[in-house]
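K.L.:
Here it is, the structure, as structure tokens.
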Amino acid sequence: MDFSFDPRTEELRTQLLAFMDEAVYPAEQVFHDQLDQLENPWAWSTAPVLQDLRREARSRGLWNLFLPGEHGAGLSNLQYAPLAEITGRVGVAPAAINCSAPDTGNMEVLSMFGTEMQRKEWLEPLLSGEVRSSFAMTEPDVASSDATNISTRIERDGDDYVLNGRKWWITGALNPEAAVFIVMGKSDPEAARHRQQSMILVPRDTPGLTIKRGMEVFGYDDREKGGHAELEFADVRVPAANLVGQEGDGFAIAQARLGPGRIHHCMRVIGVAERAVELMCDRASQREAFGKKLSEQGVIRDWIAEARVRIEQLRLLTLKAAWLMDNVGNKGAHTEIQAIKIAAPRTVEWILDKAIQVHGAGGVSQDFPLARAFAGIRTLRFADGPDEVHKNALARRELQRQAQRHG
């Protein structure tokens, strides 16, 4: 396995680093200030500074880097990994280059499974950044860590499908720019367990779709992501042509969507960790306690050294998973994807905790990005499947591998 940067990756890294220094870092606080001034606080994508960043990114050729194939930049997972890491350092950066979730996963779904009509109506506007979208899977009344529990009904009625049910923690749904929802529900309760679910496109203005409330994450409203909402579907009727794939394909499509989504999260959080270490070192070099700089205290040095070791380990595991996805496919890389999904949030959570500790009371305040980052990383231990589900599956595969080895 060769993880060195090829010429295309090196070129894009250089361009992206320059874009971050010249445009994104100076816009970071401006973006948050403008969100507070918006008439609709959830309409993050309309913030003027973000619009400026997006125009600048497109002019530099830094757009849709996450998406392989003809619809995106055509990069491999290994090529995209160091780029996603760079954007992970600043919350607004992924959106600035049209590489932010949940739009990325939705674009992947439409690219892989959408009809020509669905791509024309929804994929093209998403690729151009004209609209936003949401992915509606998680439900309040069932343990959604088991996707087969999903109970929202998608029932055929003539030339339409009718939806009834509740969803929550639907990221981006509060943003009025989120023009379409990809909704996962149960279309045939009598089918085989993994063939009961389907996915369907529901435009935002469809009668019967109600946004009930916003959800907070450790007290943060996450308005810079369009918030997280609880939704209700009451006799929501959409054309049968809005079905993504075939009836019963929902579970398989979800797995195809979540695989790249999981590794993209892990790529970005390495950037979160790198920035946390930078802030920790800066703070430790500036502050003095008990007669010497914090950077000279043994315990602080231990944290800094341990953070560097853990970042390097995590990066190598992420690159290995990306390389395998490119060379043997997502299914062949399943174990490694699960491994990084377990390791990345836990590792970065530890690093953020130490960075916060070095900052003292400032670390939990709004004056530094650490507290907000910590809330996001802790949430990532649920997103795209909780730690325990991934550990269970990983252990099962390991047991099977060892059983075959001993024959």
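The values are calculated or read from the model by the stated rules, or taken from the named source; none is laboratory data. Only a predicted model underlies this, so the values are computations on that prediction, with no experimental measurement involved. Note: ideal-geometry Cβ built from the backbone for every residue, glycine included; neighbour counts use all protein chains shown.
K.L.:
Any idea which residue in region 227-243 is surrounded by the fewest Cβ atoms within 10 Å (Cβ to Cβ), counting only those that are in contact with a Lys or Arg (Cβ under 8 Å, 6 or more places away or on another chain) and within 11 Å of Val162 (Cα to Cα)? First the steps, then the outcome.
P.N.:
Step one: filter region 227-243 for residues in contact with a Lys or Arg (Cβ under 8 Å, 6 or more places away or on another chain), giving 229-233, 240.
Right, trim to within 11 Å of Val162 (Cα to Cα) and you get 233, 240.
Numbers: Phe233: 23, Ala240: 13.
The residue in question is Ala240.
K.L.:
Name every residue in region 203-236 that is in contact (Cβ under 8 Å) with a residue 60 or more places away in the chain, under 17 Å from Asp103 (Cβ atoms) and part of a strand (DSSP E or B), in order of residue number.
P.N.:
His228, Ala229
K.L.:
Here's something else I'd like to know. Considering Gln246, Gln197, which residue is among the polar types (S, T, N, Q), under 30 Å from His334 (Cβ atoms) and surrounded by 20 or more Cβ atoms within 10 Å (Cβ to Cβ)? Let's see the steps before the verdict.
P.N.:
Numbers: Gln246 fails: surrounded by 20 or more Cβ atoms within 10 Å (Cβ to Cβ).
Answer to the selection: Gln197.
K.L.:
Exactly one of these conditions fails for Arg268: (1) surrounded by fewer than 21 Cβ atoms within 10 Å (Cβ to Cβ); (2) of a type outside the set (Ser, Thr, Tyr); (3) at negative phi. Give me its number.
P.N.:
For Arg268, the exception is condition (1).
K.L.:
Here is a check on your reading of the model: is Val269 at pLDDT 95 or above and either under 30 Å from Asp387 (Cβ atoms) or part of a loop (DSSP other than H, G, I, E, B) (or both)? Spell out how you get there, then give the answer.
P.N.:
Numbers: at pLDDT 95 or above: yes; either under 30 Å from Asp387 (Cβ atoms) or part of a loop (DSSP other than H, G, I, E, B) (or both): yes.
So Val269 passes the test.
K.L.:
Check Gln255 against each of (1) closer than 16 Å to Leu110 by Cα; (2) more than 16 Å from the chain's Cα centre (by Cα); (3) free of Cβ contacts under 8 Å to residues at least 12 places away in the same chain and name the one condition it does not meet.
P.N.:
Gln255 satisfies all of (1) closer than 16 Å to Leu110 by Cα; (2) more than 16 Å from the chain's Cα centre (by Cα); (3) free of Cβ contacts under 8 Å to residues at least 12 places away in the same chain except (2).
K.L.:
Separate question: Looking at Val348, Val272, Val299, can you tell me which residue is out of contact with any Cys (no Cβ under 7 Å at 6 or more places or on another chain) and without any contact (Cβ under 8 Å) to a residue 12 or more places away in the chain?
P.N.:
Numbers: Val348 fails: without any contact (Cβ under 8 Å) to a residue 12 or more places away in the chain; Val272 fails: without any contact (Cβ under 8 Å) to a residue 12 or more places away in the chain.
One residue alone meets the criteria, Val299.
K.L.:
Related question: Testing Gln118 on (1) in contact with a His (Cβ under 9 Å, 6 or more places away or on another chain); (2) at pLDDT 95 or above; (3) in a helix (DSSP H, G or I), one condition comes back false. Which one is that?
P.N.:
Against the list (1) in contact with a His (Cβ under 9 Å, 6 or more places away or on another chain); (2) at pLDDT 95 or above; (3) in a helix (DSSP H, G or I), Gln118 comes up short only on (1).
K.L.:
Moving on. Is it fair to say Ile342 is within 20 Å of the chain's Cα centre (by Cα), of a type outside the set (Phe, Trp, Tyr) and crowded, with 16+ Cβ neighbours inside 10 Å?
P.N.:
Numbers: within 20 Å of the chain's Cα centre (by Cα): yes; of a type outside the set (Phe, Trp, Tyr): yes; crowded, with 16+ Cβ neighbours inside 10 Å: yes.
Taking the combined requirement at face value, the residue satisfies it.
K.L.:
Next question. Look through Ile170, Ile182, Ile154 and report the one residue that is outside any loop (DSSP other than H, G, I, E, B), out of contact with any helix residue (DSSP H, G or I) (no Cβ under 9 Å at 6 or more places or on another chain), buried (at least 20 other Cβ atoms within 10 Å of the Cβ) and not hydroxyl-bearing (Ser, Thr, Tyr).
P.N.:
Working: Ile182 fails: out of contact with any helix residue (DSSP H, G or I) (no Cβ under 9 Å at 6 or more places or on another chain); Ile154 fails: out of contact with any helix residue (DSSP H, G or I) (no Cβ under 9 Å at 6 or more places or on another chain).
On inspection, the qualifying residue turns out to be Ile170.
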